[in-house]
Amino acid sequence: MIKVLKIDEKLEKYISDHSYDLHPVQKEIIKHNDSLGVSKRMQISVTQAYFFQLFIKTNKIKNILEIGTFTGYSALSMGLSIPDDGRITCLDINKETSETARDFFKKANLDKKIEIILGPAMNSLKKLINDKKIFDMIFIDADKENYRNYYNLSLEIVKNNGFILVDNVLWKGDVADPNKKDELTNAIREFNSFIKQDDRIEKTILPLGDGVTICRKI
């Protein structure tokens, strides 16, 4: 049987030490999030951020939509990789964490590239559709119960051959445990099954962080 590595904090640090250096503000956000207790889990992993940055550069992605921003680590990481004329639009409902994210964006001189739209993401998505906005890539990392709704609306505003990335699709491995039957685990299982059957996209799941689904609109 092929051996599968478990990426714990020690191994993730090794990966970080042997990849490119983190931006000082990336390090600052990580330190800040470490002080937040259980809320820290809302941050994507360092390995995910490395992957996103390379993915954005190799696919020449310029215009990104993020659904769920927290304190800004993922948006800032992506913002470091888009070109000077690139832009990231973030949707989030939490005013406090959004203000924290804005402060970090300003420190990294990315505040002109990254905009946060406050309010329920469903309403913001519908407005973006009405405004005929189109994105090269969309990253979904918000309330899991609405993943399918966010995804379906995202398909309307991502370009052909564009990408939708979805976080937390392995949910600490609970999706593969038949004994786990809580509401959130079931919601993610149902979303994963829906994606599997969707012929509008090509897709795969990567075991980075808490699991990332990558979809390409066809």
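The set of residues in the stretch 25-78 that are under 21 Å from residue 103 (Cα atoms), hydroxyl-bearing (Ser, Thr, Tyr) and open to solvent by 60 Å² or more (accessible area, probe 1.4 Å) contains only 35.
Residue count for the stretch 111-139 under the criterion of being without any contact (Cβ under 8 Å) to a residue 12 or more places away in the chain and either open to solvent by less than 70 Å² (accessible area, probe 1.4 Å) or under 22 Å from residue 58 (Cα atoms) (or both): the result is 1. Kindly evaluate residue 103 against the criterion of being modelled with pLDDT of 95 or more, in a loop (DSSP other than H, G, I, E, B) and open to solvent by 20 Å² or more (accessible area, probe 1.4 Å). No: the conditions fail for residue 103. Going by what's in this entry, would residue 169 be described as more than 18 Å from residue 48 (Cβ to Cβ) and aliphatic (A, V, I, L, M)? Criteria not met by residue 169. Exactly one residue out of 101, 176, 108 is within 20 Å of residue 43 (Cα to Cα), of a type in the set (Gly, Ala, Ser) and either touching a helix residue (DSSP H, G or I) at 6+ places or on another chain (Cβ under 6 Å) or free of Cβ contacts under 8 Å to residues at least 12 places away in the same chain (or both): that is 108.
Test residue 213 against the stated conditions and say whether it is among the β-branched types (Val, Ile, Thr) and either more than 24 Å from residue 90 (Cβ to Cβ) or touching a Pro at 6+ places or on another chain (Cβ under 8 Å) (or both). For residue 213, the condition - among the β-branched types (Val, Ile, Thr) and either more than 24 Å from residue 90 (Cβ to Cβ) or touching a Pro at 6+ places or on another chain (Cβ under 8 Å) (or both) - is not met. Once the stretch 79-90 is narrowed to residues that are crowded, with 24+ Cβ neighbours inside 10 Å and assigned to a strand (DSSP E or B), the residue that is farthest from the chain's Cα centre (by Cα) is 88.
Listed residues 126, 132; which is farther than 18 Å from residue 44 by Cβ and not in a helix (DSSP H, G or I)?
Working: 126 fails: not in a helix (DSSP H, G or I).
Residue meeting the stated conditions: 132.
Could you check the stretch 191-218 and list, in sequence order, the residues that are part of a loop (DSSP other than H, G, I, E, B), open to solvent by less than 50 Å² (accessible area, probe 1.4 Å) and hydrophobic (A, V, I, L, M, F, W, C)? Selection gives 208 alone.
Output yes when any residue across the stretch 6-24 is touching a strand residue (DSSP E or B) at 6+ places or on another chain (Cβ under 7 Å) and open to solvent by 80 Å² or more (accessible area, probe 1.4 Å), and no when none is. No, the stretch 6-24 contains no residue that is touching a strand residue (DSSP E or B) at 6+ places or on another chain (Cβ under 7 Å) and open to solvent by 80 Å² or more (accessible area, probe 1.4 Å).
To keep it simple, each residue is scored yes or no on (1) under 15 Å from the mean Cα position of the chain (by Cα); (2) under 18 Å from residue 66 (Cα atoms).
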position: 131; (1), (2): no, yes
position: 165; (1), (2): yes, yes
position: 171; (1), (2): yes, no
position: 176; (1), (2): no, no
position: 179; (1), (2): no, no
position: 182; (1), (2): no, no
position: 202; (1), (2): no, no
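Filtered by the rule that a residue be open to solvent by 20 Å² or more (accessible area, probe 1.4 Å) and more than 11 Å from residue 191 (Cα to Cα), the stretch 140-151 gives 141, 142, 143.
The values are calculated or read from the model by the stated rules, or taken from the named source; none is laboratory data. Remember, predicted model here, so these are calculated numbers, not experimental data. Glycine gets a Cβ as well: all are built from the backbone with ideal geometry, and neighbour counts include every protein chain shown. Just so you know, the surface numbers come from the protein's heavy atoms only, side chains and all, with ligands and any DNA or RNA stripped out. Shrake-Rupley method; radii C 1.70, N 1.55, O 1.52, S 1.80 Å.
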